[in-house]
Amino acid sequence: MLKTYEEAVSYIHSRPRLRKETTQKRILNLLAKLGNPQHEVKSVHVVGTNGKGSVVAYLLNMLQGIGKRVGTFTSPFMIRFNERISINGQPIPDADLLAIVNQVKPIVDEIDDTNAEMGPSEFEVLTALMYLYFAQQKLDLAIVEAGIGGETDSTNVDDNSIMTIITTIGMDHMKLLGNTITKIAHTKAGIIKPNTPTIVGKLPSKALAEVETVAATKSSPLTIMGKDYTVKIDNQHHFDFSSLRMDIFRIKTNMLGKFEMEDAGIAIAAFTKLNKLEFKLKDKEVKAVIKAEIQQTKWIGRMEVINSNPLTIIDGAHNVPAIKSLKESLSDYANRQIDLVMAVFADKQYQQMLDILESMPNVNLYLTSFVPDENRKVADFSFVDESKVKYAANWMELISELELQNYNDKQKLIVITGSLLFISEVRKYLLEN
């Protein structure tokens, strides 16, 4: 019996991060021994290479805006571990997390003792904890963010799923998902449930073709960005949403970046479809909720303004597709000189990321490192060509120096990007200092 919250979190982290065999047999075995709590959870699944967190945040706000009690399962956390399992934006209380870990741990211990190969991984244990907690809390709906995969993802279990959302598909986690966009799309699309609707964001043509093929085999009706709904950017803070059912003009968002407005559009398409299926609100009420709740939505670490003097933005662009989106968003600041700081994990396509950033004429690029809290290596930038970019081993000293140099300079912008773990550490440091 674990006695403290800290012991509970340490126990979760003590589980193996990855298992050699990608399979659902371990999570299904664990859930069965817990009484299959996932059967009691009505859910919306969100899968994709990037944009999952923002789509979850927008959709959560709109559902809260019509009085629903909604659980969210997301990763990674930005401030505190408990964020990963939340209800209406409130992370699971320490006492509740301790209680459900003490429910699950004896069962996991028994599995380890009787058949070590069936011992669940860290993410599988966390997924089981989520379903158990959400079933106990009797929610109206859960928004469940998938892990890396789709078809064999730990969240892709027989819960009471009513919708799938596929945000984006790009080249990331190729060792696990496949080395082509078609293979990655096939794996991601594996989370589509039979006879349930699927909302699709802006996908490359080959990825979309694969999603359409998988959806057809499962009789899942698709709602596709650019075909069934559109997002038109007006300016840095306003966009229009149009679908076959309704048009909504001048929607305001406080989150910066074109990709954020596209994420909001995906969430709006999901919300309007859910309303048609579940809630039956009148169009006038739906539009009012959308306009009010999109404007109020915040998602930390995505084009987030963390300081106004000098203007400092943090953005968790941790792979090539996200860096491309970041470059597009920074085009709004073409009249400023940008000091951009990046640190990423070694298993990312960081040379391609560097090439994209180096192509921006108004960017001074600084590379750095950080200490990960898991068994992954950070990209070593210490041997870069310093005629093109600068390297600093200590990111705290680097960022502090840039903030001091650019104080009161209205023509400068500091952007800090890369691994979400790095971004979370930077965010905490800047807010404390």
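Those residues that are over 24 Å from the mean Cα position of the chain (by Cα) and over 12 Å from Met360 (Cβ atoms), I need them from the range 329-338; list them, please.
Scanning the range 329-338 gives a single hit, Asn335.
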How many residues, within the range 61-95, are in contact with a helix residue (DSSP H, G or I) (Cβ under 7 Å, 6 or more places away or on another chain) and polar (S, T, N, Q)?
-> 6
Is it fair to say Gly53 is within 25 Å of Ser121 (Cβ to Cβ), within 16 Å of the chain's Cα centre (by Cα) and not β-branched (Val, Ile, Thr)?
-> yes
If we only count helices (runs of 4 or more DSSP H) wholly inside the range 338-433, which ones have 1 or more residues that are among the polar types (S, T, N, Q) and under 26 Å from His13 (Cα atoms)?
-> 420-432
Within the range 217-230, can you find the residues that are surrounded by 12 or more Cβ atoms within 10 Å (Cβ to Cβ) and more than 17 Å from Ile266 (Cβ to Cβ)?
-> Lys218
Does Leu340 satisfy the criteria of being under 20 Å from Glu304 (Cα atoms), buried (at least 19 other Cβ atoms within 10 Å of the Cβ), modelled with pLDDT of 90 or more and not polar (S, T, N, Q)?
-> yes
If you scan the range 389-403, which residues turn out to be charged (D, E, K, R) and either closer than 22 Å to Val378 by Cα or surrounded by 15 or more Cβ atoms within 10 Å (Cβ to Cβ) (or both)?
-> Lys390, Glu397, Glu403
Could you list, in sequence order, the residues of the range 87-98 that are farther than 21 Å from Arg427 by Cα and crowded, with 16+ Cβ neighbours inside 10 Å?
-> Ile87, Ile92, Asp94, Asp96, Leu97, Leu98
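In the range 231-246, is there at least one residue being within 20 Å of Val144 (Cα to Cα) and either surrounded by fewer than 22 Cβ atoms within 10 Å (Cβ to Cβ) or not polar (S, T, N, Q) (or both)?
Scanning the range 231-246, I find no residue that is within 20 Å of Val144 (Cα to Cα) and either surrounded by fewer than 22 Cβ atoms within 10 Å (Cβ to Cβ) or not polar (S, T, N, Q) (or both), so the answer is no.
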Can you find even one residue in the range 70-89 that is over 18 Å from the mean Cα position of the chain (by Cα), at pLDDT 95 or above and not hydrophobic (A, V, I, L, M, F, W, C)?
-> no
Determine, yes or no, whether Ala346 is closer than 28 Å to Glu122 by Cβ, among the aliphatic types (A, V, I, L, M) and not assigned by TED's automatic domain parsing to the domain that holds Thr167.
-> yes
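For every residue, the table says whether it meets (1) in contact (Cβ under 8 Å) with a residue 40 or more places away in the chain; (2) touching a strand residue (DSSP E or B) at 6+ places or on another chain (Cβ under 8 Å); (3) crowded, with 22+ Cβ neighbours inside 10 Å; (4) not in a loop (DSSP other than H, G, I, E, B).
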residue: Val305; (1), (2), (3), (4): yes, yes, no, yes
residue: Thr312; (1), (2), (3), (4): yes, yes, yes, yes
residue: Ala317; (1), (2), (3), (4): yes, yes, yes, no
residue: Lys324; (1), (2), (3), (4): no, no, no, yes
residue: Leu330; (1), (2), (3), (4): yes, yes, yes, yes
residue: Asn335; (1), (2), (3), (4): yes, no, no, no
Answer yes if at least one residue in the range 217-226 is of a type in the set (Lys, Arg) and within 23 Å of Leu60 (Cα to Cα), and no otherwise.
-> no
Taking the range 404-428 as the search range and keeping residues that are touching a strand residue (DSSP E or B) at 6+ places or on another chain (Cβ under 7 Å) and not hydrophobic (A, V, I, L, M, F, W, C), which one is surrounded by the most Cβ atoms within 10 Å (Cβ to Cβ)?
-> Gly418
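The values are calculated or read from the model by the stated rules, or taken from the named source; none is laboratory data. Remember, predicted model here, so these are calculated numbers, not experimental data. We place every Cβ from the backbone using ideal geometry, glycine too, and count neighbours over all the protein chains shown.
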